[in-house]
Amino acid sequence: MHAIGLRDGQVEITGLSSSPASVAVWRADPGREISGWHLDTVDLSMKDGRPFGYVTFVEPGAGREAQVAVRWDHVHDQLQCFATDRNIGKERGELERDVRHRVGALMAAYAQLGLSIATSYVAAEALRTAANLAPHR
């Protein structure tokens, strides 16, 4: 019997510690941000550990705005970031790479936080089981 209510496809992660009170994580590299555009709005959630939402940039000198959608592709198991406005032109790829880097840093921070509390062998094995990375013995 599990202490928590599990849905089909879920596994319980036990052996978690309640400390440390803080964790050091890596920031996104500011050198990889698009030049000339400023981050304006972030509407992003991490549903079941997967990102979904959008990030909006403004180009102050030109008064342009660009929205980049963010989602997890369940078919190919990868992060997708794509500019929703087809009139962005040459900056399209740079905006998408910028958001992919920032959201990738967010996902890494969440993973680092998880690792900081899943310090026991039992918790590590349960995480591997959830990812179907536990060999059958």
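Anything in the stretch 36-70 that is charged (D, E, K, R), surrounded by 14 or more Cβ atoms within 10 Å (Cβ to Cβ) and within 28 Å of L6 (Cα to Cα)? List them, or say none.
Listed by number, the list holds a single entry, R50.
Right, G49: in contact (Cβ under 8 Å) with a residue 40 or more places away in the chain and at positive phi or not? It would help to see each step written out before you state the result.
On the way: in contact (Cβ under 8 Å) with a residue 40 or more places away in the chain: yes; at positive phi: yes.
Taking the combined requirement at face value, the residue satisfies it.
Which residues, counting only those in the stretch 81-92, are at pLDDT 95 or above and either surrounded by fewer than 16 Cβ atoms within 10 Å (Cβ to Cβ) or among the hydrophobic types (A, V, I, L, M, F, W, C) (or both)?
Of everything in the stretch 81-92, those that are at pLDDT 95 or above and either surrounded by fewer than 16 Cβ atoms within 10 Å (Cβ to Cβ) or among the hydrophobic types (A, V, I, L, M, F, W, C) (or both) turn out to be C81, F82, A83, T84.
Return the residues of the stretch 46-58 that are modelled with pLDDT of 95 or more and either under 25 Å from L127 (Cβ atoms) or not hydroxyl-bearing (S, T, Y) (or both); say none if nothing qualifies. Break it down into steps so the answer makes sense when it comes.
Restricting attention to the stretch 46-58, the residues satisfying the condition of being modelled with pLDDT of 95 or more are 51-58.
Across the stretch 46-58, the qualifying residues are P51, F52, G53, V55, F57, V58.
Report those strands (runs of 3 or more DSSP E) wholly inside the stretch 27-109 carrying at least 1 residues which are charged (D, E, K, R) and over 17 Å from the mean Cα position of the chain (by Cα).
Numbers: elements: 38-47, 50-59, 64-73, 78-83.
Result: 38-47, 50-59, 64-73.
Name the pairs whose Cβ atoms lie under 8 Å apart, with the first residue in the stretch 123-137 and part of a helix (DSSP H, G or I), the second surrounded by 14 or more Cβ atoms within 10 Å (Cβ to Cβ) and among the polar types (S, T, N, Q), and 6 or more positions between them or separate chains?
Going by the 8 Å Cβ cut-off, the qualifying pairs are A123/T14; A126/T14.
Are any residues in the stretch 47-100 more than 25 Å from G31 (Cβ to Cβ) and among the hydrophobic types (A, V, I, L, M, F, W, C), and if so, which ones? Before you say what the answer is, go through the steps one by one.
Narrowing the stretch 47-100 to residues more than 25 Å from G31 (Cβ to Cβ): 47-50, 52, 63, 71-77, 84-87.
Answer for the stretch 47-100, where residues must be more than 25 Å from G31 (Cβ to Cβ) and among the hydrophobic types (A, V, I, L, M, F, W, C): F52, W72, V75.
Can you confirm whether the stretch 90-113 contains a residue that is of a type in the set (V, I, T) and within 21 Å of S17 (Cα to Cα)? Steps first, please.
Initially, the stretch 90-113 is screened for residues of a type in the set (V, I, T), giving 99, 103.
Now narrow it down to the ones that are within 21 Å of S17 (Cα to Cα): none.
There is no residue in the stretch 90-113 that is of a type in the set (V, I, T) and within 21 Å of S17 (Cα to Cα).
Can you name the condition, by its number, that L95 falls short on among (1) modelled with pLDDT of 95 or more; (2) touching a helix residue (DSSP H, G or I) at 6+ places or on another chain (Cβ under 6 Å)?
(2) is the only condition that L95 fails.
Considering only residues of the stretch 110-122 that are in a helix (DSSP H, G or I) and small (G, A, S), which is surrounded by the fewest Cβ atoms within 10 Å (Cβ to Cβ)?
From the stretch 110-122, those in a helix (DSSP H, G or I) are 110-117, 121-122; that's our starting set.
Next, only the ones that are small (G, A, S) stay: 111, 114, 116.
Working: A111: 12, G114: 15, S116: 16.
Looking at the filtered set, the residue picked out is A111.
The values are calculated or read from the model by the stated rules, or taken from the named source; none is laboratory data. All of these numbers come straight from a predicted model, not from anything done at the bench. Every residue, glycine as well, gets a Cβ built from its backbone with ideal geometry; the counts of neighbours run over all protein chains shown.
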